[in-house]
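One structure is given here, and the rest of the page talks about it.
The values are calculated or read from the model by the stated rules, or taken from the named source; none is laboratory data. These figures come from a predicted structure and were not determined experimentally. Cβ coordinates were reconstructed from backbone atoms using ideal geometry, including for glycine residues, and neighbour counts include every protein chain displayed. These accessible areas exclude ligands, DNA and RNA; they are computed on the full protein's heavy atoms, side chains included. Shrake-Rupley method; radii C 1.70, N 1.55, O 1.52, S 1.80 Å.
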Amino acid sequence: MDFSDKLSKQIDIIKSILSDKKLINSKNIESKIYTDQPIIMKASHMAGFMPEEYKKMRAIAKDPENLGRPESWIFIEQGRLMADFEDDYVFNRDVVRYFPTYQSLSDEELRGYFSWRTKTRLEVYEKAPLTFAYIYLYELLNLIGCESPEESFEKMYSFVLKYSETDDGIKKYAYTWMFDFAVFHGLDKGVFEKICDFAAENSVEKLLRYQELNSKELFDSLVLLSSYNLLNSKLYKSHPDELCEIVSNVYKAYAAHCDKKCEKSLHIRLFGVLLESTYSMMFNAVFYGRNKHADCEYVVNPIHKYTCKDGVWKCCRYFGVSKDYSNKHIGMILKAVDRIFREKLGITPALAQGKEPKILVGIIEKECDKVIQKHKDAEKRRIDIDVSKLESIRISSTNIMEKLIIDDEQVLEIKEKVEAKGSAEFNSDLPLDDKELLLLSDLISGKNDAKYDFMVSLVVDSINEKMFDFFSDTLIDFDGEHPYIIEDYLDDLKTLLKGE
């Protein structure tokens, strides 16, 4: 019995009561004065009332011509009929349905849903049964109430953000459906930035080209994918640059070894291989037409793409890439680097040894030694400049320049002295040249301020170096300006020069 039949029956009952003769002749009736009274509840709010649109919607499912149609087809036809419908029914009960559709709801639940949708479209987000949220997403997935896929995607994204503030259970499938929706309709890849994090896949793709990457790029990719948090290590905080260099070099060396010596490359060991498998678009969603798409290819990135051929969707990607960036094999490599480098530097606390392959341990030790040696070599080449001594250096250099400026007669005199006191005068077994012998001769005789056509300091350094084997110590030193032979070695030097 529909609402009109109920109303007609109620009118008949009222007429029957009012036509009763006993009631008409009653004094109580005669003495009463009746005035207008407000209607407490609208007819549309009465439990038994159902607007005509709901009847038409139900009729679609009951139409004999539609028997055998997919449930998703019935849903989309009913949704199009109700695309602009609004209701204002008060509904405060919970509704639980798995894979809900309009047909799965009772009349009262249907009114509750469309009343809630009316407010949601006005951006009034009230907590409602999760069943209602899923039906609303199904509508948007099927473009119900939207002019374009782009509009539908934006509405889905905004709704999920707002609704998840009160019930984040919606996220379980929503982001996957939005991703598939973007692929299905060929939306611009920029929409993925809102719902996806491709950092892991981008890093995996970079590792395919590990030989082309610099140390920083390779290090960042490995750290992102690792189950071991190297950035939180005590060693990284004190030696970030060294660890970056070691990790990148270790990976390159280990990957090259696996490429040449092993059946599987390091990349395959870490992430498996690119696999293509059949894919169900908008899986678990009420969606019509997923297998009625034209042939196409959608490339998300170089290692992630979708194809549709004869209505069959396939996905090609590395299914071994973890969304939470916790690759245990990479974690093992980084932890081994942390442990071995700590041991080399004597840094505590020490880390427990893992089950690293011997070849990997050998590579790590070699790369650690290289970095340590490189650091030592750099320390040797380091020159510390004491700015406070620059003035005294300037004065000394001026004095040296003045002493180096000699006239031609002095140059001739020095040459004659060198010839006169040639090496024949001294022990021929000594590894000294004429200039060095001349300087030694003058210093022995007490002439430590003579002028020469050579730089005295360089000749002094040369003599000290050559005579170190004889004295095991510095032979000539400076008193600030002039060279002098250390007194302890003077007699031994004279004897040595004479060959005695």
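Over the stretch 78-140, average the accessible area per residue using a 1.4 Å probe and give it in Å², no decimals.
Numbers: 3050 Å² over 63 residues.
Dividing the accessible area of the stretch 78-140 by its residue count gives 48 Å².
Roughly how many debye, to the nearest 20, is the charge dipole of the stretch 125-228 about its Cα centre, given +1 on each Lys and Arg Cβ, -1 on each Asp and Glu Cβ, and no other charges?
Working: 10 positive and 18 negative charges, 53 e Å.
It comes to approximately 260 debye.
Mind running the shape call on the stretch 248-328? Use the C-alpha gyration tensor, a ≥ b ≥ c as the square roots of the eigenvalues: rounded below 1.5 for a/c, prolate if a/b tops b/c, oblate otherwise. Please list the in-between numbers first.
Values: a/c = 3.57, a/b = 2.51, b/c = 1.42.
Judged from the Cα gyration tensor, the stretch 248-328 comes out prolate (a/c at least 1.5, a/b above b/c).
For the stretch 131-164, which GluC sites (Glu not before Pro) are in a loop by DSSP, counting at most 11 other Cβ atoms within 10 Å? Mind showing how you got there, number by number?
Details: sites: 139, 147, 150, 151, 154; in loops: 147.
Here the sparse-neighbourhood loop sites are 147.
If a/c stays under 1.5 just call it rounded; otherwise compare a/b with b/c (prolate if a/b is bigger, oblate if not). Do that for the stretch 193-246, with a ≥ b ≥ c from the square roots of the Cα gyration tensor eigenvalues. Could you put the intermediate results ahead of the total?
Working: a/c = 2.75, a/b = 1.42, b/c = 1.93.
Taking the square roots of the gyration eigenvalues as a ≥ b ≥ c, the stretch 193-246 is oblate.
Measuring with a 1.4 Å probe in the full set of protein chains, what accessible area per residue, in whole Å², belongs to the stretch 219-317? Don't skip to the answer; put the middle values down first.
Numbers: 4990 Å² over 99 residues.
On a per-residue basis, 50 Å².
Just in the stretch 239-301: which trypsin sites (Lys or Arg not before Pro) are loop by DSSP and have at most 13 other Cβ atoms within 10 Å? Please report the intermediate quantities before stating the final value.
Values: sites: 252, 260, 261, 264, 269, 290, 292; in loops: 264, 290, 292.
Those that pass, being in a loop and sparsely packed, are 264, 292.
Under the rule a/c < 1.5 gives rounded, and otherwise a/b versus b/c splits prolate from oblate, where does the stretch 196-286 land using the Cα gyration tensor? Don't skip to the end; give the middle numbers.
Details: a/c = 2.79, a/b = 1.50, b/c = 1.85.
Note, shape of the stretch 196-286 comes out oblate.
Rolling a 1.4 Å sphere over the protein heavy atoms, what is the accessible area per residue of the stretch 436-479, to the nearest Å²?
It amounts to 50 Å² per residue over the stretch 436-479.
Probe radius 1.4 Å, ligands and nucleic acids ignored: give me the carbon and sulfur share of the accessible area of the stretch 91-142 as a rounded percent. It would help to have the intermediate numbers written out before the result.
Numbers: 1190 of 2290 Å².
Answer for the stretch 91-142 is 52 percent, counting heavy atoms of protein chains only.
With a Förster radius of 45 Å, plug the Cβ-Cβ distance of residue 449 and residue 472 into 1/(1 + (r/R0)^6) and report the FRET value to the nearest 0.05. Mind dumping the intermediate values first?
Values: r = 29 Å, r/R0 = 0.64.
So, using R0 = 45 Å, E works out to roughly 0.95.
What are the chymotrypsin sites (Phe, Trp or Tyr not before Pro) within the stretch 276-307 that DSSP puts in a loop, where the Cβ has at most 16 other Cβ atoms within 10 Å?
Working: sites: 279, 283, 287, 288, 298, 306; in loops: 279, 283, 287, 288.
Answer by residue number: 283.
Computing the accessible area with a 1.4 Å probe over protein heavy atoms, can you report the carbon and sulfur percentage for the stretch 150-281? Walk me through the numbers before you get to the answer.
Numbers: 3140 of 6600 Å².
Within the stretch 150-281, the accessible surface is 48 percent carbon and sulfur.
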